Every structure is written in C-alpha cells, then in structure tokens.
1. Quick check on the stretch B:65-95: of everything there that is closer than 26 Å to residue A:91 by Cα and free of Cβ contacts under 8 Å to residues at least 40 places away in the same chain, which residue is surrounded by the fewest Cβ atoms within 10 Å (Cβ to Cβ)?
2. Between a first residue in the stretch B:1-20 that is among the acidic types (Asp, Glu) and a second residue that is assigned to a strand (DSSP E or B), which pairs have beta carbons less than 6 Å apart while being 6 or more apart in sequence or on different chains?
3. Name every residue in the stretch B:97-114 that is surrounded by fewer than 17 Cβ atoms within 10 Å (Cβ to Cβ), at pLDDT 95 or above and more than 9 Å from chain A (Cβ to nearest Cβ), in order of residue number.
4. In the stretch B:22-56, what residues are in contact with a Gly (Cβ under 9 Å, 6 or more places away or on another chain), under 30 Å from residue A:10 (Cβ atoms) and without any contact (Cβ under 8 Å) to a residue 24 or more places away in the chain?
5. Would you mind finding the one in A:29, A:77 that is within 11 Å of another protein chain (Cβ to nearest Cβ) and surrounded by 13 or more Cβ atoms within 10 Å (Cβ to Cβ)?
6. Could you tell me whether residue A:43 is more than 18 Å from residue B:42 (Cα to Cα) and either touching a strand residue (DSSP E or B) at 6+ places or on another chain (Cβ under 9 Å) or open to solvent by 70 Å² or more (accessible area, probe 1.4 Å) (or both)?
7. Tell me the strands (runs of 3 or more DSSP E) entirely within the stretch B:19-107 that contain at least 3 residues that are touching a strand residue (DSSP E or B) at 6+ places or on another chain (Cβ under 9 Å) and of a type in the set (A, V, I, L, M, F, W, C).
8. Only strands (runs of 3 or more DSSP E) wholly contained in the stretch A:1-42 count here; list those with 3 or more residues that are closer than 12 Å to residue A:85 by Cα and in contact with a helix residue (DSSP H, G or I) (Cβ under 9 Å, 6 or more places away or on another chain).
Amino acid sequence: DTAVSQTPKYLVTQMGNDKSIKCEQNLGHDTMYWYKQDSKKFLKIMFSYNNKELIINETVPNRFSPKSPDKAHLNLHINSLELGDSAVYFCASSQYGAYGYTFGSGTRLTVV
Amino acid sequence: GENVEQHPSTLSVQEGDSAVIKCTYSDSASNYFPWYKQELGKGPQLIIDIRSNVGEKKDQRIAVTLNKTAKHFSLHITETQPEDSAVYFCAASMIGGTSYGKLTFGQGTILTVHP
C-alpha cells in the first residue's frame, strides 16, 4: 500500500480552468502539507494542516485553496489557472512536526 | 524567516569516490536538519537527519555533520555507487515553537556517479 498517494500524477489543462489535486495518507499521521517544486527543482511549502486545521499558509495566491475533510486527506483546489502555476506539487505527511516526513510521488501540473 | 543555501548545485564523481554536499542556514533557532534524496519522477525520500544536540550521525555509507556555531551542516556519501545518482536536498526546521513542521529546503544538488 502506498503511504502517501496523490492523484492525478499528470495534469495538463488550459489557462483559466479550475482543477483539483487529491492526497491521501494511510500512515496515521496528524499533519499534512502541500509543497510546490518549480522548474529549477526548488521546493517550497504552501500549506499545512494539523488534524483538519490550517496551521501554515505561506504567501500563496488565494486562487489556491486547500481542503482537509479529515486528517487522512488533504486536497488542493486551484482556480483560474495561470501559466506560472505549472510545477510539480507534492503532498506530504508527518506525525511529530518535521520529523519523518513522507512525501507522495507528486502531481505534474502543466498549464497551456 | 529561515534561509538555507546548498552547494554545489551539481556534483559528478566516479564510482567508489566520496561525495560531499554542504548547506548553511540562517536561523539559529533551527534544530532539526534532514536530508532528502529525490529520484527522477519520485517524491523526496528522507535518507538521514540530525538534531542540534548531535554533531555527527552515520548510517552505513551516509553521514551528516553539524556545526551549530557556524550554522552549517554537510552530507557525506562514501563509496558512491551509480544508484546514488539523484537530486539531494538539505532542509532545516525548528521542532516545537511555531514552525508547525515547516521544512525550508536548500536548492538541491544533482549528484551523478559515473560507473
């Protein structure tokens, strides 16, 4: 069983569309994260949820809205997609802060 | 906020040689320093970590050293193998306080091990 699974793995869409990426973890962790990896491989945190509560909200356009229906799921919805949103988005989870992060395999988003 | 600088950006070695990647951090409150390996098409995977109360940690061919005074830490890979080829990231975090598990990553190092 995959510990942190994201869907879809690839997402190609046109500018202006709205899309969602889903993430699920079966590790029993209480904290989940979204990270963005740009074309230069730089990884930057976007959001973090702890037991369904938003605890980190970095400087991200409000077109990005995370939602956590329960502590095992964290979805990312993006409105009005722009070319600059093209990147790989990683979901991750952990139990005790930064210790023992487990990352998903990523969703490559391409906006055309 | 925390800023992590990582060098070199690319590193090419022959199989069997050692590889060293160095990182510096800016926030003296950071107390946890993990290293991640990212293979093509996959997510980062934790390979080793060190906490601020320890100066060195080793796991088989991989070791990490930490100098809190100078605010830098390094990854050492000995007897490199072609399967060590990947992108390596250092990161820093503050366990406790208001960091809430946020990791600040370095820019990454592309390691290539030639057979």
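The values are calculated or read from the model by the stated rules, or taken from the named source; none is laboratory data. For clarity, every value in this text was computed on a predicted model and none was experimentally measured. Virtual Cβ from ideal backbone geometry, glycine too; neighbours counted across all protein chains shown. Note: areas computed on protein heavy atoms with side chains; ligands, DNA, RNA excluded. Shrake-Rupley method; radii C 1.70, N 1.55, O 1.52, S 1.80 Å.
1. B:83
2. Partner pairs satisfying both residue conditions: B:2/B:92; B:2/B:104; B:5/B:24; B:15/B:113.
3. B:112, B:114, listed by residue number.
4. Matches in the stretch B:22-56: B:41, B:42, B:43, B:46.
5. Among A:29, A:77, only A:29 is within 11 Å of another protein chain (Cβ to nearest Cβ) and surrounded by 13 or more Cβ atoms within 10 Å (Cβ to Cβ).
6. no
7. Strands (runs of 3 or more DSSP E) meeting the threshold: B:19-25, B:45-51, B:62-67, B:72-77, B:86-92.
8. In the stretch A:1-42, no matching strands (runs of 3 or more DSSP E) lie anywhere.
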